[in-house]
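Working notes, beginning with the structure itself.
The values are calculated or read from the model by the stated rules, or taken from the named source; none is laboratory data. These numbers were taken from a predicted model, which means no experiment stands behind them. Every residue, glycine among them, receives a Cβ derived from its backbone with ideal geometry; neighbour counts consider all protein chains shown. Heavy atoms of the whole protein, side chains included, go into the accessibility calculation; ligands, DNA and RNA do not. Shrake-Rupley method; radii C 1.70, N 1.55, O 1.52, S 1.80 Å.
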Amino acid sequence: MDPTKLTESTQSALQEAQSRALRYGHTEVDVEHLLLALIEQQDALVARLLVGAGADPGAIATVLDEELRRRPRVSGPGAPAGQVYVSRALNQLLDRAQQEAERMKDEYVSVEHVVMAILVGETPAARVLREHGRRSVPEGAVIECVPVRLERGLQAKRIISIDLSSALPQQLRSSMPASERADRRALADAAVEF
């Protein structure tokens, strides 16, 4: 992972994750420290992404905090003062985020790439996001995928990206009368071949 390829927001989140690891008394900065820092970042981009996906950033932050508090702490005269190391999981995550940025032909690794890399991982942070995430895509979202024809019709073999910028906000979806919502069966029947 080339640190010069990180956006300012990503660098700032990594620094905050390191500070959090020290405050928790941990010797390693891990994916959960980083995700918590991203959720609570001042510009709140990740929190907005989570809300747009139908998740509760506050609940996710609480679960992450509880997860981090359960981990062993190092303190006392033998503890290295102010020194934390990058965990193997975090190092792998940053490599995946850089690969995601390269795949998307982006020059820098942004917080969005980091969140996508977290979601495909097998860390406690990924588990927390999946448990608090949606099981479906919000109405109006655009999905870029590789389709495959199966006996039940076209299905996504691999999802390349999900653009939530055109999705209806959660409040609008839940307050909209059923008569005004899109008829999903009609949309599926009207869909054309790729």
Flagged pairs (Cβ under 8 angstrom, 6 or more apart or on separate chains; first in region 116-131, modelled with pLDDT of 85 or more and polar (S, T, N, Q); second assigned to a helix (DSSP H, G or I) and open to solvent by 20 Å² or more (accessible area, probe 1.4 Å)) are THR123/ALA89
Looking only at region 79-101, count how many residues are part of a helix (DSSP H, G or I) and modelled with pLDDT of 90 or more. 12
List pairs: first residue in region 57-72 and farther than 17 Å from LEU38 by Cβ, second residue not in a helix (DSSP H, G or I) anywhere in the structure, Cβ distance under 9 angstrom, at least six positions apart or on different chains. ARG71/GLY25; ARG71/HIS26; ARG71/ASP30; PRO72/GLY25; PRO72/HIS26; PRO72/THR27
Just to verify a result, which residue in region 20-29, among those that are in a helix (DSSP H, G or I) and touching a residue at least 12 places away in the same chain (Cβ under 8 Å), is surrounded by the most Cβ atoms within 10 Å (Cβ to Cβ)? ALA21
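Answer yes or no as to whether GLU32 is open to solvent by 60 Å² or more (accessible area, probe 1.4 Å), more than 20 Å from LEU164 (Cβ to Cβ) and in contact (Cβ under 8 Å) with a residue 12 or more places away in the chain. Steps first, answer last, please.
Numbers: open to solvent by 60 Å² or more (accessible area, probe 1.4 Å): no; more than 20 Å from LEU164 (Cβ to Cβ): yes; in contact (Cβ under 8 Å) with a residue 12 or more places away in the chain: yes.
In short, no.
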Might you check whether a residue that is small (Gly, Ala, Ser), touching a residue at least 12 places away in the same chain (Cβ under 8 Å), open to solvent by 20 Å² or more (accessible area, probe 1.4 Å) and out of contact with any helix residue (DSSP H, G or I) (no Cβ under 7 Å at 6 or more places or on another chain) occurs anywhere in region 1-12? yes
Quick one: is LEU94 touching a residue at least 40 places away in the same chain (Cβ under 8 Å), under 28 Å from GLU107 (Cα atoms), in contact with a helix residue (DSSP H, G or I) (Cβ under 8 Å, 6 or more places away or on another chain) and open to solvent by 40 Å² or more (accessible area, probe 1.4 Å)? no
